[in-house]
């Protein structure tokens, strides 16, 4: 009901380099009033929220963390496209006061774009502790724009910062910042370029910015300029550019010289080379011997925790919540047709049950990931593992997501978000399902003792090793083929260690879980209902259902694998959730006399077929939740199908190979 | 370009002090320059384990980089 003076709510972009506390500020301002989407055509998440202050409603967009604004990475292109095309009223740039020099590089780039900028100096407490004395008002006078000191974790300075942003948004004509100049050797050519472009560059591109980006060799702007200038104008510009290919380093040098002058004005330096907490911890964390040991211990702890806490919770949810609920539904629907109560109690609740029992494990693993990332340790793990992952086309950053896959593939794929390079992230997502998750490991530990006695453990380890070897081979293969041109550099900032922040982790966790429930949830529920229906119609028993007919239809496919239609169906049932494989076996092989599943399986399934079944289940198409989350994270069905297809081919190939070898050797056929 | 006093960054042992002399390699050079490794910038090699990535302190920032990337940075050694 409040009267608004402006025709649209103010739009503020939040910019900053990675690891500067930008998201902390965003979460602080918007709370749960935020929307997670994707940037058009990109797999990068777009976070948008609202902030209300004294009757003003402001739309905040959290731009991806970027070191600069070139077109080389999707994140940087997104940030600059947002500023150029969505034309925010003001950009709030968050900088880390403890690493101001490198942080101001982004400011130097922002100031070329047509938008007023307010600078927030975050982590002032940390900077002070390191002996840096920063005078924000002196810096503000030198830069010609508002500079506000912040401690975002303690919500200090946030209102001052946002008030300054609102003021500037209302009076953009007052914005007259100092701007960096290119280093002397290329000043003339920049002017020449700008003059040639001036009349041809359409809105919203500023000619000076376009000229600078051309000199920097920016591929997108070169393409655009070719169109603007046409066949008659472009050759002259192209000649200028090729004569000054070395300008890119000079431009950066000019910016850093400008930054140096600003810093000399506003910052009193401490002596260099003092050893802080981070360096002391890193002596161990990055040590060639101690580093990997510590890493191993950290992961052992995460897994121990998730199995100690999640497994009992999962059990409890299943036995004390879902089963009574199913009984209650059946009882209260006793008057209704049996198919309805069956559908609700077994189909819908069964599907929801899979989802709910997922949650404890997912919560713990995602929280552990967030904690490791927030504290700064994740970057160290990436550093240690980098050399081992290079042949696979992956970076050190892929290590943690892959490791999480042993618990559950879903957080593994969500965890791949920490990888900035899109090709390495995609590759990690495609490879993650080859890491056997806890559900598959559970099945492995149930089935191997039945068939292989003393050799059970050895067989289990061999099968897991097979998965990991295939992961490495597939990684090398994909890296040599599909991802060939997309090689990326490994340059990564090692953030300072810091105490993890519960509020931020909680919010991120809540958002991820909700996104999982919404997107993966709807798919799982739908599939569970379909599967139940196929398994119960036309009735009366499972043996006569469409599902069984379907299974018998597929039976010829099982010949090569040594699987009969029941084992094939169990394999297929592992698609909705890997846990289903065992459940299906117990339905299909359960005997009315109540002899245990293990005993029945031992008599009815030859060991060679069992081995083939185990290999196939471990390599089979990832579970539905994983597929759904792959679709969510890659933004494409194409990649999702490719990943699942590769798994299917490997499952079929390897299981067949195993069975046929057994047949040749005449082992375990009856 | 490779005068006796310059060498590539991956050759420096842990603890060395150096100054950036030049950057090689097109788009990598622009990335490194944007991160602050412009000619004349002082740096400290915090860790060089002979295998795996290097850890370098430059402009108050710790940067991890692969050996291949470090090999493209020519430096003048200025300290131990």
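What to note about this one:
- Considering segment B:21-38, and only residues there that are in contact (Cβ under 8 Å) with a residue 40 or more places away in the chain and within 10 Å of another protein chain (Cβ to nearest Cβ), the residue that is nearest to residue A:495 (Cα to Cα) turns out to be B:32.
- Residue match in segment A:269-292 (condition: surrounded by fewer than 19 Cβ atoms within 10 Å (Cβ to Cβ) and more than 14 Å from every other protein chain (Cβ to nearest Cβ)): no
- Spans of helices (runs of 4 or more DSSP H) in segment A:50-158 with at least 2 residues more than 14 Å from chain B (Cβ to nearest Cβ), more than 30 Å from residue A:217 (Cβ to Cβ) and in contact (Cβ under 8 Å) with a residue 60 or more places away in the chain: A:136-143
- Test: residue in segment B:8-18 that is within 11 Å of another protein chain (Cβ to nearest Cβ), part of a strand (DSSP E or B) and either without any contact (Cβ under 8 Å) to a residue 24 or more places away in the chain or farther than 25 Å from residue A:267 by Cβ (or both): no
- Checked against (1) farther than 22 Å from residue A:86 by Cα; (2) more than 40 Å from the chain's Cα centre (by Cα); (3) in contact (Cβ under 8 Å) with a residue 12 or more places away in the chain, residue A:195 passes all but condition (3).
- Any hit, segment A:182-189, residues being surrounded by fewer than 14 Cβ atoms within 10 Å (Cβ to Cβ), within 13 Å of chain B (Cβ to nearest Cβ) and at pLDDT below 90: yes
- Residues within segment B:44-65 that are assigned to a loop (DSSP other than H, G, I, E, B), at the interface with chain A (Cβ under 7 Å from one of its Cβ atoms) and closer than 15 Å to residue A:286 by Cβ, tallied: 4
- For segment A:354-446, the helices (runs of 4 or more DSSP H) that sit wholly inside it and include 2 or more residues that are away from chain B (no Cβ under 14 Å) and at pLDDT 80 or above are A:399-404, A:409-415, A:422-431.
- Scoring residue B:41 on the criteria (1) without any contact (Cβ under 8 Å) to a residue 24 or more places away in the chain; (2) facing chain A (nearest Cβ under 7 Å); (3) touching a helix residue (DSSP H, G or I) at 6+ places or on another chain (Cβ under 8 Å) leaves a single failure, condition (2).
- Hey, residue A:213 surrounded by 12 or more Cβ atoms within 10 Å (Cβ to Cβ), under 38 Å from the mean Cα position of the chain (by Cα) and not assigned by TED's automatic domain parsing to the domain that holds residue A:141 or not: yes
- Unmet requirement for residue A:573, which otherwise passes all of (1) under 24 Å from residue A:528 (Cα atoms); (2) exposed (fewer than 15 other Cβ atoms within 10 Å of the Cβ): (2)
- Which listed residue is in contact with a helix residue (DSSP H, G or I) (Cβ under 6 Å, 6 or more places away or on another chain) and modelled with pLDDT of 80 or more, from A:301, A:295: A:295
- Single condition residue A:593 does not satisfy, out of (1) out of contact with any helix residue (DSSP H, G or I) (no Cβ under 7 Å at 6 or more places or on another chain); (2) at negative phi; (3) at pLDDT 85 or above: (3)
- Filtered residues of segment A:418-433 (kept if buried (at least 24 other Cβ atoms within 10 Å of the Cβ) and under 22 Å from residue A:310 (Cβ atoms)): A:432, A:433
- Within segment B:66-80, the set of residues being more than 7 Å from chain A (Cβ to nearest Cβ) and outside any strand (DSSP E or B) comprises B:67, B:68, B:70, B:71, B:72, B:78, B:79, B:80.
- Any hit, segment A:472-492, residues being free of Cβ contacts under 8 Å to residues at least 24 places away in the same chain, in contact with a strand residue (DSSP E or B) (Cβ under 9 Å, 6 or more places away or on another chain) and in the same structural domain as residue A:609 (by TED's automatic domain parsing): yes
- Condition broken by residue A:563, with the remaining ones in (1) modelled with pLDDT under 75; (2) assigned to a loop (DSSP other than H, G, I, E, B); (3) surrounded by 13 or more Cβ atoms within 10 Å (Cβ to Cβ) satisfied: (1)
- Subset of segment A:632-670 [touching a residue at least 24 places away in the same chain (Cβ under 8 Å) and within 13 Å of residue A:607 (Cβ to Cβ)]: A:658, A:659, A:662, A:663, A:667, A:668, A:669, A:670
- Residue match in segment A:230-246 (condition: within 12 Å of chain B (Cβ to nearest Cβ) and out of contact with any strand residue (DSSP E or B) (no Cβ under 7 Å at 6 or more places or on another chain)): yes
The values are calculated or read from the model by the stated rules, or taken from the named source; none is laboratory data. Only a predicted model underlies this, so the values are computations on that prediction, with no experimental measurement involved. All Cβ positions, even for glycine, are placed from backbone atoms using ideal geometry, and neighbour counts span all protein chains on display.
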